[in-house]
1. Full extension from residue 79 to residue 204: what is 0.36 nm times the residue separation minus their Cα-Cα distance, to one decimal in nm?
2. So if I take the centroid of the Cα atoms in segment 111-139 and the same for segment 160-216, what is the distance between those two points in Å?
3. At a 10 angstrom cut-off on C-beta neighbours, averaged per residue, how do the peptides 204-215, 100-111 rank from highest to lowest?
4. For segment 42-175, compute the orientation-averaged projected area of the C-alpha convex hull (one quarter of its surface), in nm².
5. If the reach is capped at under 22 angstrom between alpha carbons, list the lysines near residue 77, excluding any in the same chain fewer than eight residues apart.
6. Between residue 211 and residue 18, what FRET efficiency follows from the Cβ-Cβ distance if R0 is 41 Å, with the result rounded to 0.05?
7. Which of these values of Rg and Dmax of the Cα atoms in Å was calculated from the structure shown: (i) 19.9, 61; (ii) 20.7, 59; (iii) 17.6, 55?
8. Tell me, Kirkwood radius of segment 110-224 from alpha-carbon pair distances, in Å?
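Any read-out appearing in this document is the output of simple, stated calculations on the displayed coordinates, not a laboratory observation. These figures come from a predicted structure and were not determined experimentally. Here the Cβ is made from the backbone with ideal geometry for all residues, glycine too, and neighbour counts use every protein chain on show.
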Amino acid sequence: MSPSVEPGNPEEIRSAVRAMRRSYGEVGLVDLNPDPIAQFTGWLTEAAANPMVVEANAMVLSTSRGQEISSRTVLLKDVTESGFTFFTNYESQKASEIAQNPHVSLLFPWYPMERQVIIRGTVAKVSGEESDEYFATRPWGSQIGAWASSQSAELGDRAELEARYAEYSAKFPQGSTVPRPPHWGGYLVQPTTIELWQGRYSRLHDRARYTATNGGWNIQRFYP
């Protein structure tokens with residue numbers, strides 16, 4: 001059981017942080033599916049059904065530019081044998097970094113289940129048709145938000161953003177068809193490795209990694 005951290009001097013806080021730990025369970029990685037996508041979707045389904053997991057499809061996307069690495073949370077919106085799809089602003093920082101380096105990492109942190117999945121691979125834009133299809137399913141407010149936000153650009157104040165939202169709300173009233181902004185669309189991450197982590201007792205965690213081979217997947221286990 002991890003201790004709570006009360007306001008105090010730095011040494012007390014450091015001591016409390018160092019003492020934060022929990023014991024993990026007995027259930028490990030057994031009977032792995034030879035298909036990592038099938039294995040992943042099984043875990044995703046279990047995470048979505050767990051009331052303790054908030055947004056099971058939330059994943060940390062890490063991108064890089066030169067020696068700089070940046071991470072942020074995005075939402076998985078499709079998973080197929082081809083890979084993992086998310087949608088974003090094509091003029092954002094992440095998009096700029098992807099344009100320079102298509103190698104990315106995804107992390108699904110399902111802490112209440114003592115599980116995580118790390119996916120490494122390369123990313124490319126999906127077709128305009130696929131982006132249009134998904135954009136049409138978004139709530140009206142989210143569609144307007146995609147028009148109003150110049151993602152990653154400097155913002156003077158909140159009022160500026162609210163004004164842009166009001167502008168596009170008037171341009172595309174609720175109930176009308178909102179076209180997809182040309183600067184907004186999807187990316188597909190094609191995995192080269194998919195690693196599963198399951199917390200175990202005494203920090204003897206289970207790690208299993210799928211690595212893409214010619215036409216298939218190789219499964220290896222690693223020390224925790």
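1. My answer for the length gained is 42.0 nm.
2. Cα centroid to Cα centroid, the span is 4 Å.
3. Details: 204-215: 14.5, 100-111: 16.8.
With the highest mean Cβ count within 10 Å placed first, the list reads 100-111, 204-215.
4. Numbers: hull surface 41.1 nm².
Approximately 10.3 nm², given one-decimal rounding.
5. Excluding near neighbours in sequence, the set is 94, 125.
6. On the way: r = 35 Å, r/R0 = 0.86.
Step by step, r from the Cβ atoms, then E = 0.70.
7. (ii)
8. Numbers: mean 1/r = 0.0555 Å⁻¹.
Its Kirkwood hydrodynamic radius stands at 18.0 Å.
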